[in-house]
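Take a look at the structure set out below.
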Amino acid sequence: MRRALRLRAAAPYLLLLPGLLWLVIFYVYPAFQMFLTSLWTGNLDTGYQQTWNWGIYGEAISEYWPWLARSIVYGGLATILAFALGFPLAYAIAFRGGQYKNVLLFLVIAPFFTSFLLRTISWKIILADSGLVLGPLKEIGILPEEFRLLATPAAVIAGITYNFLPFMTLPLYVALEKIDKRLIEAAEDLYAGPWRPQGTVVGVAIGGALGLVVGLVMDYGPFALSIPFAIAGALVGTWLIGQAFIRVTLPLALPGIFAGSLLTFIPAVGDFINAELLGNPQSLMIGNVIQARYLKVTDYPTASALSFVLMLAILIGLFIYARLIGTEELTGASI
Amino acid sequence: MATSSAALAARRTPADRVARAVDRWLLPVYVVGVTAYLILPVAVMILFSFNDPTGRSNLVWRGFSLDAWFNPVGRPGLGEAVRNSLVVAFLATLVATVLGTSIALALTRYQFRGRAATNVLIFLPMATPEIVLGASLLTMFVATADLPLPGGVLFPLNIRTVMIAHIMFCISFVVVTVKARLAHFPRNLEEAAMDLGANEWTTFWKVTFPLILPGIVAGALLAFSLSIDDYVVTAFTSGQTETFPLYIYGSQLRGIPVQVNVIGTIIFGTAVLLVLLTTFWQRRVAAREYGAGE
């Protein structure tokens, strides 16, 4: 009997042990080794020594900060664009999906069943200079003959947005689906009406600012996108968004917004496939540098330093996030 | 009073009729548009698997042909790469599913110290960019290469290191999937089995396991799809071993053969079929469980 009791107390640890051991040996320890490796000196031919060369962090960051900054800007923009695209989609599925709910959810995750590389290569075909999208537009004369999308920052950001859109949409859907629809009805019964004129102003401000940033990053100049984005923002703020949405739906969707933006931003910042396949040498990201430093140049110390900085930046960001929304929420939200 | 009548009047303005129309028409049109955007690259991939395979690359449409479909691995190295991918995916899924399910069971059915730390350890690999996962494993494999071991290098880069890496990043996803299933578990069924004289072992295999099996299968499917599609971590841990994603990446510089699209389409079709079958099966199990719970 006592033996059985002791077994009982040990049971959770016996179940945990093999899996957690695997994660400690092949996740935690390698992260620590990466830190040690960043403080090596030498090269692959003559061998490496542990020299604790802390200066490498300063050197690596000062040499590669444009790539780091670009990764954060591209990843951030892709996250915002994925939110702008994914929120109405998740909303429509959760609130108006009806009998098509499961079919629509299935279509949202269907891209996952196709190789990530093949999907990105498909975009190469679709965005080609006289391909599916640009070909007809050039034929009618809407776009000038020399206009291109492929090999521009726009294509990289669009590719990242596309690849992680399902990661954004699914948590948003889960959060919106949970909302008790009677709360929104109650808000409307209590005279929650349209959100104008504040909605119009907020729409213009957000649309204009986003258009400005996207336009600058994508090299289209400050106004090419900010004017249409501001108009779109005004229309959305005037007619589509009501007070019930601002006061009830949006606050209740916050856990989904947090989870979705994390699940999009983290892989987006580290991505290098989109930049490599859809971009140009001026639109490379920190992932491209890390990959090249490790696998092509075998400059392990610099590559490890950059990789460690990337990991640390994300962990610090996560820590702040966890402080804001609570650890349980954070680890639980990824379900 | 003034505000309420204003609000009521506002509901009937032409502007609000616009809002109603937008609500009825714009949202469906938008949904169709965005899902089309999501599916378009998949459709292009499938379409180009029927391209005439005579050219050097598969970026331009040359005409309908079934040649690649009759000879899906007819390129040097492609068959080997696909076989490696399948072997890695099967074994990594098997191990990750066993390890992940055990952790999920421990987390949902026992109270123990260190639960919060366990949750964080499960969460972190999912919150680390793939390139960091791959890079840190590579630094460990490189650092252990100089250890004076009798058997030579501890982790020579080959299919085994790829499997180690894939198991590592699959475990967390299995835990999360199985845990979601266990959260709604009808514990009274287990108590009933124990009351009827079954011991813990029998109860687990006769009652618990059949009920959580759909969750385990869902976790395994997720692990399999993550493993078979992984490029980034594999690129860092594979050495000379080639997998299907590595083959695609390598050939995209020289020009991708049509056969790659054929295999991509087969993987897509299989995945869709498996997910549909599992969903159908899960519904049946859920219905039965509900009936039993009455």
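The values are calculated or read from the model by the stated rules, or taken from the named source; none is laboratory data. Remember, it's a predicted structure, so these values are computed and weren't measured experimentally. Positions of Cβ are generated from backbone atoms using ideal geometry, with glycine treated the same way; all protein chains shown enter the neighbour counts.
Tabulated data
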| quantity | calculated |
| --- | --- |
| Any hit, region B:220-227, residues being over 30 Å from B:Pro156 (Cβ atoms) and either in contact with a Ser or Thr (Cβ under 7 Å, 6 or more places away or on another chain) or assigned by TED's automatic domain parsing to the domain that holds B:Pro156 (or both) | yes |
| Unique residue being touching a Phe, Trp or Tyr at 6+ places or on another chain (Cβ under 8 Å) and at pLDDT 90 or above when the list is A:Ser38, A:Ser62, A:Ser115, A:Ser71 | A:Ser38 |
| A:Ile157 being at pLDDT below 85 and more than 13 Å from chain B (Cβ to nearest Cβ) | no |
| When residues of region A:108-137 are limited to those that are more than 7 Å from every other protein chain (Cβ to nearest Cβ) and under 20 Å from the mean Cα position of the chain (by Cα), the one surrounded by the fewest Cβ atoms within 10 Å (Cβ to Cβ) | A:Ile109 |
| Residue selected from region B:97-154 under the condition under 13 Å from A:Ala31 (Cα atoms) and assigned to a loop (DSSP other than H, G, I, E, B), by the criterion farthest from the other protein chains (Cβ to nearest Cβ) | B:Thr128 |
| Test for B:Leu137: is it surrounded by 22 or more Cβ atoms within 10 Å (Cβ to Cβ), at pLDDT 95 or above, within 28 Å of B:Ala81 (Cβ to Cβ) and under 20 Å from the mean Cα position of the chain (by Cα) | no |
| Subset of region A:274-290 [buried (at least 21 other Cβ atoms within 10 Å of the Cβ) and within 13 Å of chain B (Cβ to nearest Cβ)] | A:Asn274, A:Ala275, A:Leu278, A:Met285, A:Ile286, A:Gly287, A:Asn288, A:Val289, A:Ile290 |
| Count of residues meeting criterion [surrounded by fewer than 24 Cβ atoms within 10 Å (Cβ to Cβ) and of a type outside the set (A, V, I, L, M, F, W, C)] in region A:263-273 | 1 |
| Unmet criterion (only one of (1) assigned to a helix (DSSP H, G or I); (2) more than 11 Å from every other protein chain (Cβ to nearest Cβ); (3) aromatic (Phe, Trp, Tyr)) for A:Tyr100 | (2) |
| Any hit, region B:238-246, residues being crowded, with 20+ Cβ neighbours inside 10 Å, closer than 18 Å to B:Asn158 by Cα, within 12 Å of chain A (Cβ to nearest Cβ) and hydroxyl-bearing (Ser, Thr, Tyr) | yes |
| Yes/no for A:Leu263 being more than 23 Å from A:Glu63 (Cα to Cα) and within 12 Å of another protein chain (Cβ to nearest Cβ) | yes |
| Only listed residue being surrounded by 15 or more Cβ atoms within 10 Å (Cβ to Cβ), out of contact with any Pro (no Cβ under 8 Å at 6 or more places or on another chain) and of a type outside the set (A, V, I, L, M, F, W, C), chosen from B:Gly77, B:Gly100, B:Gly63 | B:Gly100 |
| Residue among B:Asn51, B:Asn84 that is surrounded by 15 or more Cβ atoms within 10 Å (Cβ to Cβ), over 22 Å from B:Leu226 (Cα atoms) and more than 9 Å from chain A (Cβ to nearest Cβ) | B:Asn51 |
| Test: B:Leu94 is surrounded by 23 or more Cβ atoms within 10 Å (Cβ to Cβ), out of contact with any Gly (no Cβ under 7 Å at 6 or more places or on another chain), hydrophobic (A, V, I, L, M, F, W, C) and more than 7 Å from chain A (Cβ to nearest Cβ) | no |
| Filter result (surrounded by fewer than 18 Cβ atoms within 10 Å (Cβ to Cβ) and in contact (Cβ under 8 Å) with a residue 60 or more places away in the chain) within region A:85-104 | A:Phe95 |
| Options B:Ser136, B:Ser65: the member that is in contact with an Asp or Glu (Cβ under 6 Å, 6 or more places away or on another chain), of a type in the set (Ser, Thr, Tyr) and at negative phi | B:Ser65 |
| Test result for B:Val73, out of contact with any strand residue (DSSP E or B) (no Cβ under 9 Å at 6 or more places or on another chain), in the same structural domain as B:Thr161 (by TED's automatic domain parsing) and in a loop (DSSP other than H, G, I, E, B) | yes |
| Residue under evaluation B:Trp205, criteria (1) under 18 Å from B:Thr108 (Cβ atoms); (2) buried (at least 19 other Cβ atoms within 10 Å of the Cβ), criterion not met | (2) |
| Tally of residues being within 25 Å of A:Phe272 (Cβ to Cβ), in contact with a helix residue (DSSP H, G or I) (Cβ under 8 Å, 6 or more places away or on another chain) and not aromatic (Phe, Trp, Tyr) across region B:128-162 | 19 |
